[in-house]
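Below is one structure, written out as structure tokens, with a few remarks after it.
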Amino acid sequence: MNLTLFYRLLLAFLIADYPLQTDGVFRVRYEKRWGVFLHAGIHLVVTLALCLPYLHSPWFILAVLLLQIGHAYFDKVKKSGVWGFVLDQFTHFASLALIAIIFANLRPNDWLTGTPADLWHDDYLINLLSGMLLATYVTMILVNFINRSLRKRFTRDVFSTYYRYSMVFCGLVVYACVVPAVQLHPFFLAPAVLPPIALAFIARRNGDDDGSFNGAYPADYLLSLLFAGIWAVLVGLKLYP
């Protein structure tokens, strides 16, 4: 497998599927027949941009185009519950791995020079950014699907603004503290636990009909601490191929 390629494909997928899938893109994706192709088009642009040194191969460009067509097809399948979400993400990750296997011998050219080239070739930086998105956006959505599956009173189809920003903030702080904790000193673990504990305490004031506090439950932030911490340890200790 071409791991250099896979890491950049993964980061491109995470950027396009999470922070760039805004509320407007999400609505268009489900309300318009062509909406899913807008989403896939964003994926295509981001993937080509992050894989720029590989674009000397027309076969690779074709493979990326077919990948996004497949992405559009899979996204039309309705996801039900946490296992539906996990299966959907596994399918996307497996597709990226397949591309990296097919183009195992493809080498990047030297179109990039200077600082851009140094940043592009830094696998740790690429994986650090991927880990950050996994610890924040992916964790936020995963916990939401867990709530849908396990909480009978939870019927929200859309994240509340409070839930979205508090979960991203919580995951970001945990990730930003645990990475240096495993690399430099355990002292950094102390500030990592403060936001989850504080937000979980606030969420105990469950004033909504579904028993949540503005769409959030205390356990959400403890799960954020767990998942963000796992991603931080994997990246911080470089426990990846």
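Taken together, the values in this text are just the output of simple stated rules run on the coordinates, not laboratory data. Everything numeric here is computed off the predicted structure, so don't read it as measured data. Neighbour counts run over all protein chains shown; Cβ positions are idealised from the backbone, glycine included.
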Calculate, in nm to one decimal, what VAL158 and TYR73 gain on full extension: separation in residues at 0.36 nm each, minus their alpha carbon distance. 28.4 nm
Provide the packing ranking of 195-202, 10-17, i.e. peptides ordered by the mean count of other C-beta atoms within 10 Å per residue, highest first. 10-17, 195-202
Relative contact order for the chain: what percent, with Cα pairs under 8 Å and sequence separation of 6 or more? 20
So how much slack lies between LEU234 and ASP123, counting 0.36 nm per residue of separation and subtracting their Cα-Cα distance, in nm? 38.6 nm
What is the gain in length, in nm to one decimal, between VAL193 and VAL86 on full extension, counting 0.36 nm per residue of separation less the C-alpha to C-alpha distance? 35.9 nm
Starting from the 7 Å offset along Cα-to-Cβ, what nm value, one decimal, do you get for the label separation of PHE169 and ARG205? 1.4
Dipole magnitude of the chain, debye to nearest 20 (Cβ charges: Lys/Arg +1, Asp/Glu -1, about Cα centre): 660
